[in-house]
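Q: Dumping the structure here so I can ask a few things about it.
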Amino acid sequence: MSANSQALLQVDGLSVEMDVPAGLLHAVSDVSFEVGSGRTFCLVGESGCGKTMTSLALMQLLPRKARLSARRILFEGRDLARMSPREVAQLRGDRMGMIFQDPMTALNPVYTVGDQLAEVYVRHRRASRGQARDRAVELLERVGIMSAGQRLAQYPHQLSGGLRQRVMIAMTLMCEPSLVIADEPTTALDVTVQVQILQLLKKLQAEMGMAIILITHNLGVVARMADDVAVMYGGRIVESGSPTQVFGRASHPYTRGLMACMPTRGEAGPGQRLGSIPGTVPSLVGEHQGCAFRNRCAHAGDACGHGVIAMRDAGGGHHYRCVLAAGAGSGRHAVQEALQ
Ligand SMILES: Nc1ncnc2c1ncn2[C@@H]1O[C@H](COP(=O)(O)OP(=O)(O)O)[C@@H](O)[C@H]1O
Ligand SMILES: [Mg+2]
């Protein structure tokens with residue numbers, strides 16, 4: 001995050017554990033990052049690396065059996081990690097909101113769009129039904145929905161996937177939150193609709209000034225949207241910084257591996273998914289030593305197998321979690337090399 005932007009959210013030492021039949025799952029391990037006011041922070045990595053659990057932890061929407069711990073999670077100057085579930089529930093939908101991959105998980109199928117939008121506003125703003133309805137129409141128009149007044153009477157299943165996602169965004173923004181978390185918001189949509197939704201988020205951010213935590217496995221989306229990036233692997237952040245730092249001077253072999261799966265840098269569109277790095281993401285169940293990526297890494301040596309690999313400072317806010325020397329190679333030839 002640049003020095004002159006004020007931190008809206010400071011996550012310090014966030015971990016999420018959960019008992020599963022196979023043992024103790026370390027879904028998120030000691031994750032720390034900051035999100036500046038009005039900025040877009042992208043959390044990127046393959047499926048199963050802990051992105052969703054991180055976002056659910058911030059909203060305190062984790063599965064019941066999951067346990068959260070953190071040194072602190074400062075949001076607008078208050079520590080979410082020390083708040084009661086009731087206090088956090090008051091912030092949700094008001095100061096912070098969440099957009100899910102599948103809006104049907106958040107929209108209630110038995111209520112109309114209008115009722116659901118209005119309910120948020122009535123609850124948090126103690127607005128009258130009439131005020132809430134006017135606000136709902138305003139928000140539907142802002143997210144580009146035509147004939148907004150008529151849409152209010154429709155049910156979620158009557159809308160296309162793209163429209164439902166717009167409704168979800170409208171609902172999230174009813175109370176003008178300062179933070180929106182969007183977890184793979186376009187993954188389920190057609191490519192052209194994906195682009196529209198991303199453009200819409202950018203437009204609304206420019207108008208309303210909210211910060212966005214955008215979770216994606218798609219580097220094309222990161223390139224289009226991010227002010228700041230963190231790459232996650234095995235429940236930890238393995239590299240972070242500006243997009244220029246993280247992708248221009250990628251230092252973690254995992255980041256390089258992700259990039260090697262892209263066709264050509266700069267040509268990535270939102271439809272472009274990650275290719276595959278040989279091997280699979282590790283199970284996060286049980287105790288693990290060393291770098292979680294070492295089984296897939298061409299450079300791994302003895303030093304990679306012990307303890308917790310520390311974050312190293314590459315300067316200017318760029319960090320990476322690898323014992324290999326920085327500059328062991330960067331650029332595309334090194335990307336290929338990292339995967340051989
Ligand atoms: N409800 C659940 N029950 C058991 N394990 C889960 C559950 N949700 C996620 N996990 C596990 O937690 C880890 C992190 O998952 P998740 O945060 O969903 O990753 P991502 O969003 O990056 O794909 C993975 O090992 C995943 O298998
Ligand atoms: Mg996920």
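Q: In this structure, does Ala268 turn out to be at pLDDT below 80 and either within 16 Å of Glu239 (Cα to Cα) or not in a helix (DSSP H, G or I) (or both)? First the steps, then the outcome.
A: Details: at pLDDT below 80: yes; either within 16 Å of Glu239 (Cα to Cα) or not in a helix (DSSP H, G or I) (or both): yes.
Yes.
Q: Right, something else. Checking the conditions here, which among Val11, Val35, Val28 is in contact (Cβ under 8 Å) with a residue 40 or more places away in the chain, assigned by TED's automatic domain parsing to the domain that holds Gln245, within 19 Å of the chain's Cα centre (by Cα) and within 16 Å of ligand 2 (Cβ to nearest atom)?
A: None of the other options fit; the residue is Val28.
Q: Within the stretch 115-131, track down each residue that is touching a residue at least 40 places away in the same chain (Cβ under 8 Å) and either loosely packed, with under 15 Cβ neighbours inside 10 Å or in contact with a Phe, Trp or Tyr (Cβ under 9 Å, 6 or more places away or on another chain) (or both).
A: Within the stretch 115-131, the subset touching a residue at least 40 places away in the same chain (Cβ under 8 Å) is 116-117, 120-121, 124-125.
Passing the criteria: only Arg125.
Q: If you don't mind, there's one more thing I want to ask. Sort out for me the strands (runs of 3 or more DSSP E) sitting completely within the stretch 4-108 that have 3 or more residues that are open to solvent by 20 Å² or more (accessible area, probe 1.4 Å) and touching a strand residue (DSSP E or B) at 6+ places or on another chain (Cβ under 7 Å). Give the steps one after another, and end with the answer.
A: Details: elements: 7-20, 23-36, 40-44, 66-69, 72-75, 96-99.
Qualifying strands (runs of 3 or more DSSP E): 7-20, 23-36, 66-69.
Q: Can you tell me which of (1) within 16 Å of ligand 1 (Cβ to nearest atom); (2) modelled with pLDDT of 95 or more is the one Pro177 doesn't meet?
A: (1)
Q: Give Arg95, Arg135 a once-over and let me know the one that is at pLDDT 95 or above, more than 16 Å from ligand 2 (Cβ to nearest atom) and over 21 Å from Asp183 (Cα atoms).
A: Of the residues listed, the single one that is at pLDDT 95 or above, more than 16 Å from ligand 2 (Cβ to nearest atom) and over 21 Å from Asp183 (Cα atoms) is Arg135.
Q: Kindly evaluate Thr187 against the criterion of being open to solvent by 10 Å² or more (accessible area, probe 1.4 Å), among the polar types (S, T, N, Q), closer than 30 Å to Met232 by Cα and within 16 Å of ligand 2 (Cβ to nearest atom). Quick ask: steps written out before the conclusion?
A: Working: open to solvent by 10 Å² or more (accessible area, probe 1.4 Å): yes; among the polar types (S, T, N, Q): yes; closer than 30 Å to Met232 by Cα: yes; within 16 Å of ligand 2 (Cβ to nearest atom): yes.
It is true that Thr187 is open to solvent by 10 Å² or more (accessible area, probe 1.4 Å), among the polar types (S, T, N, Q), closer than 30 Å to Met232 by Cα and within 16 Å of ligand 2 (Cβ to nearest atom).
Q: So which residues in the stretch 206-245 are more than 20 Å from Gly48 (Cβ to Cβ) and among the hydrophobic types (A, V, I, L, M, F, W, C)?
A: Narrowing the stretch 206-245 to residues more than 20 Å from Gly48 (Cβ to Cβ): 206-212, 220, 223-228, 241-245.
The answer is Ala206, Met208, Met210, Ala211, Ile212, Ala223, Met225, Ala226.
Q: Sticking with this structure for a sec: On the given criteria, is Gly235 crowded, with 22+ Cβ neighbours inside 10 Å, within 16 Å of ligand 2 (Cβ to nearest atom) and either at pLDDT 95 or above or of a type in the set (D, E, K, R) (or both)?
A: Details: crowded, with 22+ Cβ neighbours inside 10 Å: yes; within 16 Å of ligand 2 (Cβ to nearest atom): yes; either at pLDDT 95 or above or of a type in the set (D, E, K, R) (or both): yes.
Here the answer is yes, as Gly235 does meet what is asked.
The values are calculated or read from the model by the stated rules, or taken from the named source; none is laboratory data. Because the structure is predicted, anything quoted here is derived from the model rather than measured. Note: ideal-geometry Cβ built from the backbone for every residue, glycine included; neighbour counts use all protein chains shown. In case anyone asks, the SASA skips ligands and DNA or RNA and just uses the protein heavy atoms, side chains included. Shrake-Rupley method; radii C 1.70, N 1.55, O 1.52, S 1.80 Å.
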